[in-house]
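Undergrad: Before I ask anything, let me first share the structure, which is written out below as structure tokens.
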Amino acid sequence: MKKYLLISFVIGALAFSLGSCKVEESNYTPDTTGHNMFSAWNQAMYETTENMMEMAFRFNYWLQNDTLPVLYLNGLTYDVNQSSDNVWTLTFNGVSEYVIETDGRTLDSMATWVVTKNKKIRFLDYDYMLSPESTLRYEHASFYSPNTRMEIRGEQPYQWDIQITPGEWDGREQVYANLKLSLASPEMPALLQYAEYQLEGSGRFAFVEDTWFGANGENSYTYRYITFQIREPLVSAVERKGHWISGVLNMVASGDNEITNNRTAYLKKNGGNYWVTFYENDDPANGAASYRY
């Protein structure tokens, strides 16, 4: 049995309440490939933020403000236990899901922390209706293996280097995220989503292209990748998760079939709407329509 994604990472809508795609009137031609590459990248970044970066900020707030032995995040309740000096284990339904190792300082005090996600999460399967006759499946796979590790290190007040790597990985290309996160104001939020922040850096996300089911029940996968470089800092939209006020993002999509697509995405907010415009090889002559996402 074989499941696959199209080369252009076809995605009709994102899972976290993104608006439907709408093409703005312009002299450019539509670019389904660019839009779908950005949608895949944006969903992967959103999931990475929710599963790793948010936990660090939420735990930092709990460490400074909360006297309860539980931590709430994304509708889940984690039991918090200190296993040794500066090491905490977070469990959900009796299963250890996170280990947080600190250096005795909080994140707003130039700390260096390691957050390890112990539990393997199944791939998040989302069905996207492209037409009444067609449904394709999208699976972001970058950081769902056991022992995914994030190091977050303060560079200067309210600015951190963040490095994320999977604990286990069987793909042809390595996946990673090397990011710099900066808060717009000198105040630590209870959750990252409550604060405006800038994101810089680079990385590579992976998406399941094919799944092969073995005779003994074991699965093997092949992947497609989006390698990215944030060329101009992405500025988050506090009022809407997974959206960006401004920024420029270079993306290269590749896989085993040797077909490569590259796009530069320009992001902006105009009124209450969020827009992304793409160029191939960063050439304005190869522009595409602006999409509302």
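The values are calculated or read from the model by the stated rules, or taken from the named source; none is laboratory data. All values reported here derive from a predicted model rather than from experimental measurement. All Cβ positions, even for glycine, are placed from backbone atoms using ideal geometry, and neighbour counts span all protein chains on display. What goes into the accessible areas is simple: the full protein's heavy atoms, side chains included, and nothing from ligands, DNA or RNA. Shrake-Rupley method; radii C 1.70, N 1.55, O 1.52, S 1.80 Å.
Undergrad: If you check PHE213 against the conditions, is it closer than 27 Å to SER39 by Cβ and either crowded, with 20+ Cβ neighbours inside 10 Å or of a type in the set (Phe, Trp, Tyr) (or both)?
TA: No, not satisfied.
Undergrad: Would you check which residues across the range 246-291 are in contact with a Cys (Cβ under 7 Å, 6 or more places away or on another chain) and surrounded by fewer than 21 Cβ atoms within 10 Å (Cβ to Cβ) and list them?
TA: none
Undergrad: Considering only strands (runs of 3 or more DSSP E) fully contained in the range 41-112, which possess at least 2 residues that are on the phi < 0 side of the Ramachandran plot and open to solvent by 70 Å² or more (accessible area, probe 1.4 Å)?
TA: Per the criteria, 76-84.
Undergrad: Considering (1) out of contact with any Ser or Thr (no Cβ under 7 Å at 6 or more places or on another chain); (2) part of a strand (DSSP E or B); (3) modelled with pLDDT under 90, say which one ARG122 fails and leave the rest.
TA: (2)
Undergrad: So which residues in the range 145-166 are surrounded by 15 or more Cβ atoms within 10 Å (Cβ to Cβ) and farther than 14 Å from ALA56 by Cα?
TA: SER145, THR165, PRO166
Undergrad: Which pairs have Cβ atoms under 6 Å, sit 6 or more apart or on different chains, and link a residue in the range 146-172 that is among the polar types (S, T, N, Q) to one that is surrounded by fewer than 16 Cβ atoms within 10 Å (Cβ to Cβ)?
TA: Close Cβ pairs (under 6 Å, with a partner that is surrounded by fewer than 16 Cβ atoms within 10 Å (Cβ to Cβ)) amount to ASN147/GLY167; THR148/GLY167; GLN163/ASN178.
Undergrad: Answer yes if at least one residue in the range 276-285 is at pLDDT below 95, within 16 Å of the chain's Cα centre (by Cα) and charged (D, E, K, R), and no otherwise.
TA: no
Undergrad: Something else: List pairs: first residue in the range 228-240 and of a type in the set (Val, Ile, Thr) and open to solvent by less than 60 Å² (accessible area, probe 1.4 Å), second residue at pLDDT 95 or above and in a loop (DSSP other than H, G, I, E, B) anywhere in the structure, Cβ distance under 7 angstrom, at least six positions apart or on different chains.
TA: Close Cβ pairs satisfying both conditions: VAL235/GLU196.
Table: residues versus (1) at pLDDT 90 or above; (2) under 16 Å from the mean Cα position of the chain (by Cα).
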{"site": "ASP161", "(1), (2)": "yes, yes"}
{"site": "ASP170", "(1), (2)": "no, no"}
{"site": "PRO186", "(1), (2)": "yes, no"}
{"site": "GLU196", "(1), (2)": "yes, no"}
{"site": "ALA215", "(1), (2)": "no, no"}
{"site": "GLU218", "(1), (2)": "no, no"}
{"site": "TYR221", "(1), (2)": "no, no"}
{"site": "ARG240", "(1), (2)": "yes, yes"}
{"site": "MET251", "(1), (2)": "yes, yes"}
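Undergrad: List pairs: first residue in the range 183-209 and on the phi < 0 side of the Ramachandran plot and open to solvent by 60 Å² or more (accessible area, probe 1.4 Å), second residue of a type in the set (Val, Ile, Thr) and part of a loop (DSSP other than H, G, I, E, B) anywhere in the structure, Cβ distance under 9 angstrom, at least six positions apart or on different chains.
TA: TYR194/VAL238; GLU196/VAL238
Undergrad: So, one more: Name the residues in the range 125-159 that are farther than 28 Å from LEU183 by Cβ, part of a loop (DSSP other than H, G, I, E, B) and at pLDDT 50 or above, would you?
TA: ALA141, SER145, PRO146, ASN147
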